[in-house]
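Novice: Once you've had a glance at the structure underneath, I'll fire off some questions.
Every number here is computed from the coordinates shown, using simple stated rules; none is lab data. Keep in mind that this is a model prediction, so the values were computed, not measured. We place every Cβ from the backbone using ideal geometry, glycine too, and count neighbours over all the protein chains shown.
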Amino acid sequence: MMTQSDLKPALPTSAELPCSDDTPVDNEDQNFLPNFLLFLLNTIWANRIDWFFGVDMGIYHTTGVNPRIPVVPDGFLSLGVDRKKQGKSRKSYVIWEENDVVPILTLEIVSWTPGGEYDEKMEVYAKLGVLYYIIYNSEFWRRDGHQPFEVYKLVNGVYQLQIGEPYKMPEVNLGIGRHQMVLGGIQQEVLTWYDLQGNRYLTAEERAERLAARLRELGEDPENL
């Protein structure tokens, strides 16, 4: 006797699916800021292998009209999945191959070409069940009638705008917010992680600089150690 599942078409495998929608980013922050968050997570969670942070990577799901059409956030975080899938790097995030684990957080960075961040993508992520949706809009927030940094939380299937920055996410055991810092000799604003007490996680370079300063206070020359 045939069941309902027997009538459903077989879902494609990750090997059959492209890694993204091949839409190029139109400003460097769309690549840099998610990668900054990823590299910092590699330090914060260096001893954990149960998370994955994707950058400009397709998320394939079954809540849309076609499972072969991905949604592609600028960044996303999933918890409770292998850091490396079967020991290898992912080319896409296929939810039905990840034990149906939906990302807990997605990030969109608004550019001069509006990409549906406040409507179409918000609807997709809500239907998918993404708990936190973050929109960073440092340049065009006035144009769009929004704030530069917004965090939405899914409550009863609807995204509600949250308050507070850094915004603390106990389900992730992290906070997120903006910070001004010098990178490569250039002062700029980044998105970065905080602990649940509101303390910013330092980069490896900042930790090294603080250690060197402490050694100098103790009369040691860090260059000669």
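Novice: I'd like the antiparallel share, as a percent to the nearest 5, of DSSP beta bridges with both residues in the chain.
Specialist: Rounded to the nearest five, the antiparallel share is 80 percent.
Novice: Sort Thr203, Thr113 so the one with the fewest other Cβ atoms within 10 Å of its own Cβ comes first.
Specialist: Neighbour counts put them in this order, fewest first: Thr113, Thr203.
Novice: To make sure I understand, if each residue's beta carbon is the centre and we count other beta carbons within 10 Å, what order do Leu215, Leu40 fall in, fewest to most?
Specialist: Leu215, Leu40
Novice: Give me a comma-separated list of calculated 3J(HN,Hα) values for the range 67-80, in order, Karplus coefficients 6.51, -1.76, 1.60 applied at θ = phi - 60°, integers in Hz, x for any Gly or Pro.
Specialist: After applying 6.51 cos²θ - 1.76 cosθ + 1.60, I find x, 8, 9, x, 9, 10, x, 5, x, 7, 10, 10, 10, x Hz.
Novice: Let me ask another. How large is ³J(HN,Hα) for each residue in the range 169-176, as worked out from phi by the Karplus curve 6.51 cos²θ - 1.76 cosθ + 1.60 (θ = phi - 60°), to whole Hz, x for Gly and Pro?
Specialist: Those phi angles translate into 10, x, 5, 9, 6, 8, x, 9 Hz.
Novice: Same structure, new question: Mind giving me the nanometre distance, one decimal, between the label points for Gln86 and Glu139, set 7 Å out from Cα along Cα→Cβ?
Specialist: Result: 4.0 nm between the two label points.
Novice: Can you list the HN-Hα couplings for the range 184-201, worked out from phi with the Karplus curve (6.51, -1.76, 1.60; θ = phi - 60°), rounded to whole Hz and with x for Gly and Pro?
Specialist: x, x, 10, 6, 7, 8, 10, 8, 8, 9, 10, 7, 6, 8, x, 8, 6, 6
Novice: Loop only by DSSP, 15 or fewer other Cβ within 10 Å of the Cβ. Give me the trypsin sites (Lys or Arg not before Pro) in the range 97-166 that pass, ordered by residue number.
Specialist: Here no loop site has a sparse enough neighbourhood.
Novice: Is there a quick way to get the dipole size of the chain? I mean about its Cα centre, with the Cβ of Lys and Arg at +1 and of Asp and Glu at -1; what is the value in debye to the nearest 20?
Specialist: For the chain, the charge dipole is close to 540 debye.
Novice: Helix-derived [θ] at 222 nm for the chain: sum -39500 (n - 2.57) over DSSP H runs of at least 4, divide by residue count, nearest 500?
Specialist: -6000 deg cm²/dmol
Novice: Round to the nearest 10 and give me the degree value, 0 to 90, for the angle of helix 29-44's Cα axis relative to the longest principal axis of the chain.
Specialist: 70 degrees
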